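What follows is a set of notes on a single structure, which appears directly below.
The values are calculated or read from the model by the stated rules, or taken from the named source; none is laboratory data. Here the structure is a predicted model, which means the values were calculated and not measured. FYI the Cβ positions are ideal-geometry reconstructions off the backbone, even for glycines, and counts take in every protein chain you see. In case anyone asks, the SASA skips ligands and DNA or RNA and just uses the protein heavy atoms, side chains included. Shrake-Rupley method; radii C 1.70, N 1.55, O 1.52, S 1.80 Å.
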Amino acid sequence: MDVEKNVLKKINFQSMGISNPLLSWFDTNKRALPFRENNKPYNVWISEVMLQQTKVDTVIPYFNEWIKKFPNIKAVADASEESILKSWEGLGYYSRCRNFHRAAKIIVKEYNSIIPDTWDEFRSLPGVGDYTAGAVLSIAFNKNYVAIDGNVKRVMARLTKRRKLSKYNQNYIKSTLNKHIDKNRPGDFNQALMELGACVCLPKKPKCDECPINGICLGYKNGIPTNYPMTSVKKQIPLQIYVGGIIKFEKKFLIQKRDGKMLNGLWEIPMKKITRKSNHIEYFKKYIFNKYGYKIKFKKIISEIEHAYSHFKMKLIVMDFIQIDDIIGVGTSFSWISKSDIDNYAFHKANHKVFKLFNNSNWDV
Ligand code: SF4
């Protein structure tokens, strides 16, 4: 550690000019992205929220549609949660969207619809962490805050030859960036580092020959930049089995609204996790009877679909049922809908895979 520290002391980013080559590279090479067309705080903020855990290509159409539908913070605050979730449908990590909605309401109520530009105020809003606060305050308000995402961590770990992203090393990275952030263009400095990580300093095959800061990169000088940072061994993701049913009555089928930590507020066909695969038809019938009081008759197994979440893989056995009682009813957490109503509800991604099965066959609802 002492040897490494001594080496690092010798690196003077300022004198070697990390900022100038980085920014001139960024000015010439940055991707033309819709959220870079202007630095309006609202646009920057929603794009940063969408980009968390999500690829740029996936975000672009969502961002464009969102700005059309909700052009400002007031439009978000005034919208229903249902409508907000519908616009987020398919983007995943829905708590981001719900937090943004809550934050928008606070801004309208407490800040007269003006997004606050101080660290303490902005950082205290729901869903805003250090990264989002740093990104929005630097890009939209030109304030001197660093924004350290996964790409920046990788670039900095290679640049400073850090094997582990330990707390100590993360603090080191942060203090190094705080020292050397370009005070005139902090937002561009942050974006340039992120862009470098996304387009040049790639996880598996960094394009070091094209890198504007390869002259000061210890990882590159060491010969094997991909050694930094060390990648952790990925945990095995467990498989969970669910049973789900399309329960039909006349020309409608039953859907339910999720209530809980995961995918809260989104709709789905009734589904339930099982621990054993045996007797799952009776298990599902009982679940429906206990939850809704409906007696249902099994028709056939339609198919199985798979879906991967960050912490588990889902296998969903999709079955076809008919409801044999003469009652359907509607509640706030369940509804009977026809195929043409699907667009009025926000469904999660696994559920859309179920609907896809039906697009290829007869819906008869
Ligand atoms: S020289 Fe290579 S490893 Fe170093 S920052 Fe540039 S791309 Fe990354």
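Report D209's accessible area, 1.4 Å probe, all protein chains in place, as a number in Å² to the nearest 10.
140 Å²
Assign unit charges at the C-beta atoms only (+1 for Lys and Arg, -1 for Asp and Glu), then state the dipole size of region 2-227 relative to its Cα centre in Debye, rounded to the nearest 20.
Working: 35 positive and 22 negative charges, 175 e Å.
Here the size comes out at about 840 debye.
Compare the Cα positions of I288, F312, M271 along the charge dipole of region 246-346 (+1 at Cβ of Lys, Arg; -1 at Cβ of Asp, Glu; about the Cα centre) and return the one farthest towards the positive end.
F312
So for the pair R31, D117, with labels modelled 7 Å out along Cα→Cβ, what separation do we get in nm?
It is 2.9 nm.
With a 1.4 Å probe and all protein chains in place, put E304, E250, E195 in order of accessible area, largest first. Can you show the working numbers first?
On the way: E304 85, E250 145, E195 0 Å².
The ordering from most to least exposed comes out as E250, E304, E195.
For region 78-167, what is the accessible area per residue in Å², given a 1.4 Å probe and the full set of protein chains? Intermediate values should be presented prior to the final figure.
On the way: 3810 Å² over 90 residues.
Ligands and nucleic acids excluded, the result is 42 Å² per residue.
Quick one: if you stick a label point 7 Å off each Cα along the C-beta vector at K273 and K221, how many nm between them?
5.0 nm
Which number comes out as Rg/Rh for the chain once both Rg and the Kirkwood Rh are worked out on C-alpha atoms? Please list the in-between numbers first.
Details: Rg = 25.1 Å, Rh = 23.6 Å.
Radius of gyration relative to Kirkwood radius: 1.06.
Working out 0.36 nm times the residue gap between F355 and D259, then minus their Cα-Cα distance, what length gain in nm do you get to one decimal?
Numbers: separation 96, 0.36 × 96 = 34.56 nm, distance 2.10 nm.
Going from the current span to full extension adds 32.5 nm.
So how tilted is helix 19-29 from the main axis of the chain? Cα-based, degrees 0 to 90, rounded to 10.
The angle comes out at about 50 degrees.
With a 1.4 Å probe and all protein chains kept in place, how much accessible area does C211 have, in Å² rounded to the nearest 10?
20 Å²
In debye to the nearest 20, how big a dipole does region 215-326 give about its Cα centre with +1 on each Lys and Arg Cβ and -1 on each Asp and Glu Cβ? Don't skip to the answer; put the middle values down first.
Working: 22 positive and 9 negative charges, 43 e Å.
Rounded to the nearest 20 debye, it is 200 debye.
Summing Lys, Arg as +1 and Asp, Glu as -1, what charge do residues with Cβ under 14 Å from the Cβ of T118 carry, T118 excluded?
On the way: positive: R123, K143; negative: E110, D117, D120, E121.
Net local charge, T118 excluded: -2.
Between helix 150-159 and the chain, what is the angle of the helix's C-alpha long axis to the longest principal axis, kept within 0 to 90° and rounded to the nearest 10?
30 degrees
Averaged per residue, what accessible area in Å² does region 239-359 show with a 1.4 Å probe, protein chains only?
On the way: 6370 Å² over 121 residues.
Solvent-accessible surface per residue comes out at 53 Å².
Keeping all protein chains in place and using 1.4 angstrom, which order do E306, E89 fall into by accessible surface area, from largest down?
Working: E306 120, E89 30 Å².
The ranking, largest first, comes out as E306, E89.
Leaving ligands, DNA and RNA out of it, report the carbon-plus-sulfur percent of the accessible area of the chain at a 1.4 Å probe.
Details: 9650 of 19180 Å².
C and S atoms contribute 50 percent here.
Specify the residue with the greatest mean-square fluctuation among N214, N142, N290, computed from a Gaussian network of the chain linking alpha-carbon atoms under 10 Å apart.
Ranking N214, N142, N290 by mean-square fluctuation puts N290 first.
Non-local amide H neighbours of S113 (under 5 Å, H modeled in plane, Pro and chain starts lacking H): which ones?
For S113, whose amide H was placed from the backbone, the distant partners under 5 Å are V108.
Amide H of S303: which non-local residues (sequence gap of 5 or more, or other chain) have their own amide H closer than 5 Å, using H built in the peptide plane?
Those qualifying (amide H under 5 Å, at least 5 residues apart or on another chain) are V318.
Ignoring everything but the protein chains, give the 1.4 Å probe accessible area of R36 in square angstrom, nearest 10.
Accessible surface of R36 is approximately 60 Å².
Would you calculate, for the chain, the mean residue ellipticity at 222 nm contributed by helices, counting each DSSP H stretch of 4 or more residues as -39,500 (n - 2.57) and dividing by all residues, to the nearest 500?
Working: 16 runs with 163 residues, N = 365.
Using -39500 (n - 2.57) per qualifying helix, the result is -13000 deg cm²/dmol.
Going from most exposed to least, what order do D259, D325 have by accessible area with a 1.4 Å probe?
Details: D259 145, D325 40 Å².
These residues rank, largest area first, as D259, D325.
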